[in-house]
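The values are calculated or read from the model by the stated rules, or taken from the named source; none is laboratory data. Source: prediction; values computed, not measured. No Cβ is skipped: glycine too gets one built from the backbone with ideal geometry, and neighbour counts run over all protein chains shown. For the accessible areas, the whole protein counts, side chains as well, though only heavy atoms, and no ligand, DNA or RNA atoms are used. Shrake-Rupley method; radii C 1.70, N 1.55, O 1.52, S 1.80 Å.
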Amino acid sequence: MQSFILMSEKLLEIRPILPQNREAAIELVNQFFRMVNKLPLDGIFKIRPRAAAKMVDIYLKLRATDKVLFIGGFVEEELVSLLIARVEEKPYLIEEKNLFIDLAITKQGKRKSGYMKPLVEETFRYAKEKGILAVELRAISENEGAVEFWKKMGFDPFYVRFRKSV
């Protein structure tokens, strides 16, 4: 993994998330989940309590496989950003597999500081190393900052995911 000097002149080191980073990772994922739960969505879509701990624990177990990228951006020992991606097998497509970003979050108070871009670039490097041709993700349309960020990182809208309450 690499280190980057950002405009803030702080050294950001990209490292795998390890069991000793569990609590910091859970707090960061919880920040994201709390933000999502505050969005004016359809009234049904709500992230459950303790979902962050469950998600982090699942990916800590899966990181030993060759199918998961679970990385963090650290300034000294502070976890300031986190990215979770998994390989999706697509045997029915010519590309056969893609890398799907499940979650990407920067700590509150540190957003727009350049802490996510190096993690996304590391994700692209990882995909190329694995022979993966495409990286995909979902972003909630109400989360305009995220949609803008992903477009700046070169992502284009590809699927339209519809939702209807019944």
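Please compute the net charge surrounding V29, taking Lys and Arg as +1 and Asp and Glu as -1 over other residues with Cβ under 14 Å from its Cβ.
+2
Counting only the heavy atoms of the protein chains, how much of M153 is accessible to a 1.4 Å probe, in Å² to the nearest 10?
30 Å²
Whole number in Å², please: accessible area per residue of the chain, 1.4 Å probe, ligands, DNA and RNA not counted.
Computed with neighbouring chains in place, this is 64 Å² per residue.
For segment 25-98, state which chymotrypsin sites (Phe, Trp or Tyr not before Pro) are in a DSSP loop and have at most 14 other beta carbons lying within 10 Å of their beta carbon.
F45, Y92
Considering the options L103, L83, P40, tell which one lies farthest towards the positive end of the dipole of the chain, charges being +1 on Lys and Arg and -1 on Asp and Glu at the Cβ, about the Cα centre.
P40
List the lysines whose alpha-carbon lies under 29 Å from that of K61, not counting same-chain residues fewer than 8 positions away?
K46, K90, K97, K107, K110, K117, K128, K130
Scanning the chain for GluC sites (Glu not before Pro) in DSSP loops with at most 12 other Cβ atoms within 10 Å, what's the longest stretch left with none?
10-75
Once amide H atoms are placed 1.01 Å from N in the peptide plane, what residues at a sequence separation of 5 or more from V68, or on another chain, have their amide H within under 5 Å of its amide H?
Here the answer is V87, since their amide H atoms fall under 5 Å of that of V68.
Just subtract the alpha-carbon distance of S165 and E96 from 0.36 nm times their residue separation and send over the number in nm, one decimal.
This chain segment gains 21.6 nm when fully extended.
Rounded to whole Hz and in sequence order, give me ³J(HN,Hα) for segment 153-162 from the Karplus expression 6.51 cos²θ - 1.76 cosθ + 1.60, θ = phi - 60°, writing x for Gly and Pro.
With coefficients 6.51, -1.76 and 1.60, one gets 7, x, 7, 10, x, 10, 9, 10, 9, 9 Hz.
Work out from phi, with θ = phi - 60° and the Karplus expression 6.51 cos²θ - 1.76 cosθ + 1.60, the ³J(HN,Hα) of each residue of segment 57-73, listed in order in whole Hz, and give x for Gly and Pro.
Once θ is set to phi - 60°, the couplings for segment 57-73 become 5, 4, 6, 5, 5, 6, 4, 6, 7, 8, 10, 9, 10, 10, 10, x, x Hz.
Which percent of Cα-Cα pairs in segment 7-126 sits in each 5 Å bin, short to long?
2, 10, 20, 21, 19, 13, 9, 4, 1, 0
List the lysines whose alpha-carbon lies under 23 Å from that of K112, not counting same-chain residues fewer than 8 positions away?
K10, K38, K151, K152
Given an 8 Å cut-off on Cα distances and at least 6 residues of separation, report the relative contact order of the chain as a percent.
20 percent
With the full set of protein chains in place, find how many percent of the accessible area of segment 10-153 is carbon and sulfur; take the probe as 1.4 Å.
53 percent
Counting only residues 5 or more places away or on other chains, whose amide H sits under 5 Å from the amide H of S141 once H atoms are built in the peptide plane?
For S141, whose amide H was placed from the backbone, there are no distant partners under 5 Å.
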